[in-house]
Each structure stands twice: as structure tokens, then as C-alpha cells.
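Trainee: Sharing a structure with you now.
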Amino acid sequence: MDTYTPITIGRKSTEVERQNALHQIYAQVLERQPYIHERKELSKIEKDFLKGKLGVRHFIGELVVSSVYLNSFYQDCSNLKFVEWSFKHILGRALQGKEEIAKYMDLLMMKGVSAFFHEILGSEEYRKAFGCFTIPYARDVKFYDSPLNYLQTNLLQHEHVGQRGKIIPTIYWQQLGMDCETGTCVMPEPQVETYKPSPDSEKSIVKEPIATVLNAEIEELLQMLQNSDAKQVLQSMNENQRSLLRSLAK
């Protein structure tokens, strides 16, 4: 992982230093600079930050519950992917196993986005890593308890928004043994003979709306990944699920 010098903004920081810090916060949390029309929503907290009324942590707390952030990382995304992105942006690391995933998924679904972010920003981990005035960043390997977790985080940190879709977390692409050398995780096409139904049998099939069927299959796939070992899930998938998994990576 690339070395990075943490940026800390204190009460005595100049406006120029705060401007540079604002640019870096957006790069870390939003993964881009806000568009012109988005600046209107953010103008109040930007002004307070530049005047020193808001610290880094407080500013990030306001940013992540804004429609600017939520439209990019929450809307049209699975809850699992949203949780993974949030950890990347705020804690500078990947999720660490089933227990942590279950904890934050439950918090998000039971108490909502605001409580979810309050838990992260108010955590002992965040306080020790960044405090109130240091901008979050991708932390180095010394933080991780295993080489696997480092590799997962390294893969996530170099993922561009939407590069591997908005449904399956990057942690699962890696665990599923996908080929990620090109920057986009790919599952090889299986060499199996496919069954093609006869015209008569096709007529007897009652088709549900495509969106309904797809959403149900995606939800089933996410539940399988969340509750079981990823490699076992891959082995148990039927061809329809494998095809869905390939499509979600695009």
C-alpha cells in the first residue's frame, strides 16, 4: 500500500491549509470533488469548516449523512456494499470478518444511517486512529492482524467507485478466488453444457417480472455470502447464480 503522510488540521490552521484539507476530505470520503450543484447543499458545513467552527470529524459526520454522499454510495447499492465503502472512507480499512459485518449490518438495518455513522465516528478505533482533527486515510499493514486482511484492504483501496459493481462487496470477490489482476475481478466462464428447453416447455413457463426475479436472486446471493464461507458458496452455486455473479461485477 502506498505510504501516506496524515493531514491534521488544528484550531491554528490557516484558511489555505483548511482549503487543502477540504480537498483531501472529499478525495477520501467522496472519492471525488463535489459537483457544482452539490456545493449548494454542502456550502454551510464548508463555510463552518473553513472558519474553524467544525473539526475534521464533525465535518465528515455531516458529509456522510448528506444526499451528496448517500446518493453516491447508498442509493442503488446493497447494504453490504455500503457498509464496506463506509469502512473504506471513514476507517481506512476493509471489514474484518463475519462478526463485524453482522454487527454493522444489523445496526444499519435496525437503527438507520445516522446511528450507523455515529457508531463508527464515535468508536474507540476512530478516536485512536484519527482523533477529531486528522483526515482518515488508508492505514498501513501494521494495523492488520493478518496478511489476508491487508490484501483485502489493499484491493478495496485501489477500487474505483462502481468498478466491481454496487452489490457484492470487494471482500467477497477476493474470497471467492476471482481473478483481480486487471483491476476488475473476473470469474472464469465454466466449461459446462447448458440445457436449452424445448419450445413446448418454454410455453408452459409462467414468467415473473424480470426486476422481481433479479432482486430476489441478488438478495438470496447476498444472504449466502453473509452467512457462509465464500468459497463454499461458490461451490454450491448453480449456473444461474454464477451468471448473476458475473453480471454484478460489470
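Trainee: Could you state the number of Å between the C-alpha centres of region 1-54 and region 73-90?
Mentor: If you average the Cα positions of each part, the centres end up 21 Å apart.
Trainee: May I pose another question? How far is it, in nm, from the label point at Lys44 to the one at Gln232 when both lie 7 Å from their Cα along the line to the Cβ?
Mentor: With each label placed 7 Å out from Cα toward Cβ, I get 4.9 nm.
Trainee: Taking 0.36 nm per intervening residue step and subtracting the Cα-Cα distance, what contour gain separates Arg242 from Glu119 on full extension? Working shown, then result.
Mentor: Values: separation 123, 0.36 × 123 = 44.28 nm, distance 3.51 nm.
Result for the pair: 40.8 nm of gain on full extension.
Trainee: Putting +1 on Lys and Arg Cβ atoms and -1 on Asp and Glu Cβ atoms, find which of Gly92, Ile25, Phe73 reaches farthest to the positive end of the dipole of region 15-142.
Mentor: Ile25
Trainee: By count of other Cβ within 10 Å, fewest leading, how are Ser78, Ser247 ordered?
Mentor: Placing the least packed residue first, the sequence is Ser247, Ser78.
Trainee: Sticking with this structure for a sec: Checking the table Lys88/Lys128; Lys12/Lys47; Lys12/Lys88; Lys81/Lys111 against a 20 Å threshold on Cα-Cα, which pairs fail? Write down the numbers at each step before the final one.
Mentor: Working: Lys88/Lys128 17 Å; Lys12/Lys47 16 Å; Lys12/Lys88 29 Å; Lys81/Lys111 18 Å.
Flagged as over cut-off: Lys12/Lys88.
Here, each number is a calculation from the coordinates, and none is a lab measurement. It should be emphasised that the depicted structure is a prediction, and the values quoted were computed from it without experimental measurement. Reconstructed Cβ throughout: ideal geometry from the backbone, glycine too, with neighbour counts over all protein chains shown.
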